[in-house]
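Just below is one structure, and these are the notes that go with it.
The values are calculated or read from the model by the stated rules, or taken from the named source; none is laboratory data. These numbers come from a predicted model, not from an experiment. In this analysis, Cβ positions are derived from the backbone assuming ideal geometry, glycine residues included, and neighbour counts consider all displayed protein chains.
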Amino acid sequence: MNDAPTALITGASRGLGLALARSLAADGWHLLIDGRDPTALHAATAELGERTTVRAVPGDVADAAHRKQLGRTAGELGGLDLVVHNASTLGVSPLPALSDYPLDDLRRVFEVNALAPLALTQVLIPHLRDGARIVAVTSDAAVEAYPGWGGYGAAKAALDQVFAVLAVERPDLRVYTVDPGEMRTRMYQESAPGEDISDLPPPEVSVPGIRTLIGGDLPSGRYVARSLEVADGLAVAR
């Protein structure tokens, strides 16, 4: 590997993860990506591979064996400059009220959205280079009470707290959670089956804000992607 920076992006076969991967690839970053759908991941790898070096590891971040494989691959690549915890699950669709939420399904939502990012971070810590950044994708459902979003929102609230504490415990790292806002993605469509979501912006509109966190000098914390901008070469929160 050369001196180009290297990023791991989970859930990078579509949606926000793929949009961010495209942006980084265009700037010469090497990429390590994963996804649960091998077909979609293969297509993403073929596309991104036309621009940069890509290693793809299909699997589920909730699977300990998959997380270990990601850690081994990160070591083979010589370490990571960036980790983006983007992989997520909506849970039951249509979204149920908490009073009716099947608990086994709710456990799965917490496992994927809150526990797996921490578990993967634990695996990756030895492979983080100096100045490495960790970005965990959260949601406004973590801080607002929306009917039907209790399971997903509670798991994302847990994610926020996990990485807020990690930031305090590891001041040597930049640790961010970022809310990308509503986007026209398959996950959002699953939350509103049958509804027209064509008026929602594509994931690409949230990428510049995330890139501001990646390349700027903002302190660890929670940010809203579309409230971030670069002024006079410095990353600022509006």
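Any idea how many residues of region 16-34 are on the phi > 0 side of the Ramachandran plot and crowded, with 22+ Cβ neighbours inside 10 Å?
0
Test each condition in (1) assigned to a helix (DSSP H, G or I); (2) over 17 Å from the mean Cα position of the chain (by Cα); (3) not β-branched (Val, Ile, Thr) for PRO117 and report the one that comes out false.
(2)
Tell me, yes or no, whether region 150-157 has at least one residue that is surrounded by 22 or more Cβ atoms within 10 Å (Cβ to Cβ), among the basic types (Lys, Arg) and assigned to a helix (DSSP H, G or I).
yes
Which condition number in (1) touching a residue at least 24 places away in the same chain (Cβ under 8 Å); (2) touching a helix residue (DSSP H, G or I) at 6+ places or on another chain (Cβ under 7 Å); (3) among the hydrophobic types (A, V, I, L, M, F, W, C) is the one that ILE214 fails?
(2)
Please go through region 162-181 and give me each residue that is within 13 Å of VAL135 (Cα to Cα) and either over 14 Å from the mean Cα position of the chain (by Cα) or not charged (D, E, K, R) (or both), ordered by number.
If the condition is that a residue be within 13 Å of VAL135 (Cα to Cα) and either over 14 Å from the mean Cα position of the chain (by Cα) or not charged (D, E, K, R) (or both), then VAL162, PHE163, ALA164, LEU166, ALA167, LEU173, ARG174, VAL175, TYR176, THR177, VAL178, PRO180 are the ones that fit.
Take ALA74 and decide whether it is in contact with a strand residue (DSSP E or B) (Cβ under 8 Å, 6 or more places away or on another chain), buried (at least 22 other Cβ atoms within 10 Å of the Cβ) and either among the aliphatic types (A, V, I, L, M) or modelled with pLDDT under 95 (or both).
So ALA74 passes the test.
Any residue at all in region 189-203 that is buried (at least 16 other Cβ atoms within 10 Å of the Cβ), modelled with pLDDT under 95 and closer than 15 Å to LEU18 by Cβ?
yes
Among the residues of region 87-108, count how many are assigned to a helix (DSSP H, G or I) and small (Gly, Ala, Ser).
Result for region 87-108: 1.
What are the pairs, 6+ residues apart or on separate chains, where a residue within region 145-160 that is in contact (Cβ under 8 Å) with a residue 12 or more places away in the chain has its Cβ under 8 Å from a residue that is charged (D, E, K, R) and in a loop (DSSP other than H, G, I, E, B)?
GLY153/GLU144
Here is a yes/no grid of residues against (1) under 23 Å from ARG14 (Cβ atoms); (2) aromatic (Phe, Trp, Tyr); (3) free of Cβ contacts under 8 Å to residues at least 12 places away in the same chain; (4) surrounded by fewer than 17 Cβ atoms within 10 Å (Cβ to Cβ):
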residue: ARG67; (1), (2), (3), (4): yes, no, no, no
residue: LEU70; (1), (2), (3), (4): yes, no, no, no
residue: GLY78; (1), (2), (3), (4): no, no, no, yes
residue: GLY91; (1), (2), (3), (4): yes, no, no, no
residue: ASP100; (1), (2), (3), (4): no, no, yes, yes
residue: LEU103; (1), (2), (3), (4): no, no, yes, yes
residue: ARG108; (1), (2), (3), (4): yes, no, no, no
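Taking region 171-191 only, how many residues are in contact (Cβ under 8 Å) with a residue 24 or more places away in the chain, among the basic types (Lys, Arg) and not in a helix (DSSP H, G or I)?
1
Could you list, in sequence order, the residues of region 25-45 that are of a type in the set (Gly, Ala, Ser) and assigned to a strand (DSSP E or B)?
GLY35
Looking only at region 56-86, how many residues end up being within 25 Å of GLU111 (Cβ to Cβ), part of a strand (DSSP E or B) and not aliphatic (A, V, I, L, M)?
2
Look at region 125-147 and say how many of its residues are touching a Leu at 6+ places or on another chain (Cβ under 8 Å) and surrounded by 15 or more Cβ atoms within 10 Å (Cβ to Cβ).
Residues flagged as touching a Leu at 6+ places or on another chain (Cβ under 8 Å) and surrounded by 15 or more Cβ atoms within 10 Å (Cβ to Cβ) within region 125-147 amount to 10.
For region 8-40, give me each residue that is in contact with a Pro (Cβ under 6 Å, 6 or more places away or on another chain) and among the small types (Gly, Ala, Ser).
If the condition is that a residue be in contact with a Pro (Cβ under 6 Å, 6 or more places away or on another chain) and among the small types (Gly, Ala, Ser), then GLY15, ALA19 are the ones that fit.
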